[in-house]
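Readers should treat all values here as calculations from the given coordinates under stated rules, not as data from a laboratory. As the structure is a computational prediction, the values presented were derived from the model and not from experiment. Cβ atoms come from the backbone with ideal geometry, glycine included; neighbour counts cover every protein chain shown.
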Amino acid sequence: MLGRKQLTTDEACLYLNVWTPNLGGRARLPVMVWIHGGGNVEGSQEWPPLGPTLANHGLVVVTINYRLGVLGYLSLPALTAESPNHASGNYGLLDQLAALKWVQRNIDRFGGDPQRVTVFGASSGSLDICDLMASPLADGLFQRAIMQSGVCVDSLVPLLPEQEASGVQFAADLVLGNGPDVLAKLRAVPAGELVRKATQGKDLDLNPVIDGWVLKQQPATLFSQGQQMNVPVIVGSNADEVSIFASPLVGGRSYRPKSLDEYRMWLSNEFHNDADKVFAAYPARDDAEVPMAFLAMDTDYSFGFGANLLAREVAAHGQHAYLYLFTNVGAGEFAQLRAFHSQESMFVSGKYWTSWVNSPGDAQLSNTIIGYWIQFAKSGAPSAPQLPSWPVYRPDAPMAQELGARVGQIPVPHQAGKGVFEEILKAQSQLANTP
């Protein structure tokens, strides 16, 4: 990465950093609050180090840490019972809300405008922002949102009883029981040991949950009805997101089918009766075509479909949405990964992995993306005279802003496949809402 092999893990993580070009002033500058990614189980506000870069463009930048993993998302009946809000889990989201409230109270002391706050994040940080847009607790805490490769509208969020059952099993395995003293026993376990055990728990689900407080309803339902927070958004994904998860170049170990039979079996296990529809949208004629077919399918399924759906739903209810597709392909050994997950964060920060191979167009692309993000934070729209035009998303003519060797509008790719995934999601939602 940026010269660091490993980030420090510490339970005492609830702090934030502020960069400002106008300390102590009253400039009322736009504010950008970064929510880092890492699957809500790892990561740090230190990655990427974007504060200095963006603040030099006349903004106040805030980066935050929040509780992760078992400390951030464990649900238990005993925790629910002791909560005045009758909820458990979502502690990581509550930390993000606390940081945003801090910004509202204090950012004017750093030259920032609390009425021009843009939240932006990548991967799970982006998904969390989407959840915040669906939470009544976030009302008024930010006025714009940038979501990089992660949304909450492409799948269903677990319900509290499901998460509690997962937590009960974890607690029983860890402290050898689940009696009335389970919380006392769990709290006696050192935090580091708790985290280590949780990472070994294959069946422990540590994600945001519909708890009736932070999240009262399915975000997918709220966005489809236009009931989410009414703010303009930039949302997008990378063209080859999932390539990095299976690459030994970065320690990836994710399974990938290598033959037609394995591809068909994967689809059957994931999509059941809809497997043939997905295969028809992302076909492979022989074993040699399977890797690229799977890359396109899984990238859309996990990232591209949701970004497109969110942009369409936001725009359909009168909000401005700006959809992008990051297509940049790196040089050297990174070329094999194409436009992989998290690559765009290097261009947003202007700081690159120590192993990154610089290409002649990297600096120009980085400056363009930074320009879009800054202009959006200032005005709510990314376009500016010095930047290539980026029109607002239109549901009747779905286009995305390509960010790569070329910058400009392109038709949203793989529309047929995205339509199949939307049909599957609708069927799941209807089933979940059936008494």
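Computed extension gain for E162 through N358, at 0.36 nm per residue and net of the alpha carbon distance, reaches 65.9 nm.
Using only side-chain charges placed at the Cβ, +1 for Lys and Arg and -1 for Asp and Glu, the dipole size of the stretch 254-315 relative to its Cα centre rounds to 120 debye.
Here the Karplus curve 6.51 cos²θ - 1.76 cosθ + 1.60, taken at θ = phi - 60°, turns the phi angles of the stretch 40-49 into couplings of 6, 10, 8, x, 7, 4, 6, 10, x, x Hz, with x standing for Gly and Pro.
Of all the options L267, L249, L337, the one that moves most in a Gaussian network model of the chain with Cα springs shorter than 10 angstrom is L249. Rounded to whole numbers, the Karplus 3J(HN,Hα) couplings from phi for the stretch 140-156 are x, 8, 8, 10, 8, 9, 10, 10, 9, 6, x, 9, 10, 9, 9, 7, 9 Hz, using 6.51 cos²θ - 1.76 cosθ + 1.60 with θ = phi - 60°, and x at Gly and Pro.
About its Cα centre, the stretch 107-185 has a charge dipole of approximately 280 debye under the convention of +1 per Lys or Arg Cβ and -1 per Asp or Glu Cβ, with nothing else charged. Once C-alpha pairs closer than 8 Å and six or more residues apart are averaged by separation and normalised to the residue number of the chain, the relative contact order reads 16 percent. When the trypsin sites (Lys or Arg not before Pro) in the stretch 20-87 are filtered for DSSP coil states and for at most 15 other beta-carbon atoms within 10 Å of their beta-carbon, the remaining sites are R26. Once you order the gyration tensor axes a ≥ b ≥ c over the Cα atoms, which shape class does the stretch 80-154 get: rounded for a/c under 1.5, otherwise prolate or oblate by comparing a/b with b/c? Since a/c reaches 1.5 but b/c is at least a/b, the shape of the stretch 80-154 is classed as oblate.
Cys residues of the chain that find no other Cys beta carbon under 4.7 Å: C13.
Helices assigned as whole DSSP H runs in the chain whose Cα atoms extend at least 15 Å along their own long axis and whose mean Kyte-Doolittle hydropathy is 0.0 or higher are found at 160-175, 305-316, 362-379.
Of the chymotrypsin sites (Phe, Trp or Tyr not before Pro) in the stretch 203-303, the ones in a loop by DSSP (not H, G, I, E or B) with at most 14 other beta carbons within 10 Å are Y255.
Radius of gyration over Kirkwood radius for the stretch 132-196, both on Cα atoms: the Rg/Rh ratio is 1.14. Give the shape of the stretch 1-147 as rounded, prolate or oblate, defined through the alpha-carbon gyration tensor: a ≥ b ≥ c are the square roots of its eigenvalues, a/c under 1.5 means rounded, and otherwise the shape is prolate if a/b is larger than b/c and oblate if not. Cα axes put the stretch 1-147 in the oblate bin. The shape of the stretch 163-263 comes out oblate: with a ≥ b ≥ c from the C-alpha gyration tensor, a/c is at least 1.5 while a/b does not beat b/c. Rounded to the nearest 20 debye, the dipole size of the stretch 47-142 about its Cα centre is 200 debye, using +1 on the Cβ of Lys and Arg and -1 on the Cβ of Asp and Glu. Within the stretch 266-333, the trypsin sites (Lys or Arg not before Pro) that combine a DSSP coil assignment with at most 12 other C-beta atoms in a 10 angstrom radius are R285. Under 24 Å of direct C-alpha separation, and excluding same-chain neighbours fewer than eight residues apart, K202 reaches these lysines: K185. Using Cα-only point scatterers and the Debye equation, what is log10 of I(q)/I(0) for the stretch 232-358 at each q in 0.17 Å⁻¹, rounded to two decimals? Each listed q corresponds, in turn, to -0.97. Along the axis of the charge dipole computed for the chain (Cβ charges of +1 for Lys and Arg, -1 for Asp and Glu, origin at the Cα centre), the listed residues G25, G408, L156 are led at the positive end by G25.
Summarising the amide proton neighbourhood of M32: residues at separation of 5 or more, or on other chains, whose placed amide H is nearer than 5 Å comprise V60, V61, V62, T118.
Once volume of the Cα convex hull per residue in Å³ is calculated for the structure shown, the corresponding label among (i) 153; (ii) 128; (iii) 141 turns out to be (i).
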